[in-house]
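S.K.: This structure is in structure tokens; I'll ask about it shortly.
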Amino acid sequence: MDIRHHPDDDLLLARSSGHMPAGMRLVLASHLELCPLCRERARALDAVGGLLLDDLAEAPLADDALARTWARIEAHEGAAPTPVRVSAPPPLPPGARWPRALAHCSATPWRWIGPGMRWSRVTVPEDPQANVFLLRIAAGKYLPQHTHRGQEFTQVLHGRFHDGRALFGAGDFDAADAEINHQPVVQDGSECICLASLDGRLRFDGAIARFFGALVGM
């Protein structure tokens, strides 16, 4: 897999420090599964975070803090993960798969949002309000022109799209914000399947697109 687009160090550091929303962390985890380069960078930043913790001043703990921590760990280990429930997922190319990061989540069946376009809402148990979804768009189709209220993380699971800035293929990661106005167009040859998370909403240029975006929470 030829992965050309990666998260910046500040995003990996936000993950390491625990300062990243659950939905965004899920999309980033999906990228790390596929990208050995970013896994190595993330391990290095985790190690730096551990060293910084050593330099922090000690904080007082409640007398039962350790007991409550072990109780939560035991409860988590005893709970069986809920498999991802995507209705009739499209076939992926040989060697590709749904990310393991989705294993504890649930997803709705594919829902129509336009000709050649479907989406599925993903529920993240640790943050049910997280705005996470799967997009399945046919070759030659495109999302309407838009920018963002907040950040948008996208991980390409299958296929390719070009948004006017660059070509993104399977394994690629993209982070977009209010400074980016783009229109992802799926390239010929295959549909494109992406996992995305929004911290805020998309700002579509057209009135019709804004109406449908509001219906599906984009």
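S.K.: Mind sorting Asp174, Asp127, Asp63, Asp8 by how few other Cβ atoms lie within 10 Å of their own Cβ, fewest first?
M.R.: Asp63, Asp8, Asp127, Asp174
S.K.: For the peptides 28-36, 191-199, what is the packing order when you average, over each peptide's residues, the other Cβ atoms within 10 Å and list the highest mean first?
M.R.: Ranking the peptides 28-36, 191-199 by packing returns 191-199, 28-36.
S.K.: Neighbouring Cβ atoms within 10 Å as the yardstick, rank Thr69, Thr154, Thr123 fewest first.
M.R.: Thr69, Thr123, Thr154
S.K.: Could you list Val185, Val48, Val132, Val124 in order of exposure, starting from the residue whose Cβ has the fewest other Cβ atoms within 10 Å?
M.R.: In increasing order of surrounding Cβ atoms, one gets Val48, Val185, Val124, Val132.
S.K.: Can you work out ³J(HN,Hα) from phi for every residue in the stretch 34-47, in order, using Karplus 6.51 cos²θ - 1.76 cosθ + 1.60 and θ = phi - 60°, giving whole Hz and x for Gly and Pro?
M.R.: These are the phi-based 3J(HN,Hα) values: 9, 10, x, 4, 6, 4, 5, 4, 5, 5, 5, 5, 4, 5 Hz.
Values in this text are rule-based calculations from the coordinates and carry no lab data. Model, not experiment: these values are computed from the prediction. Cβ: placed from backbone, ideal geometry, glycine included. Neighbour counts: every protein chain shown.
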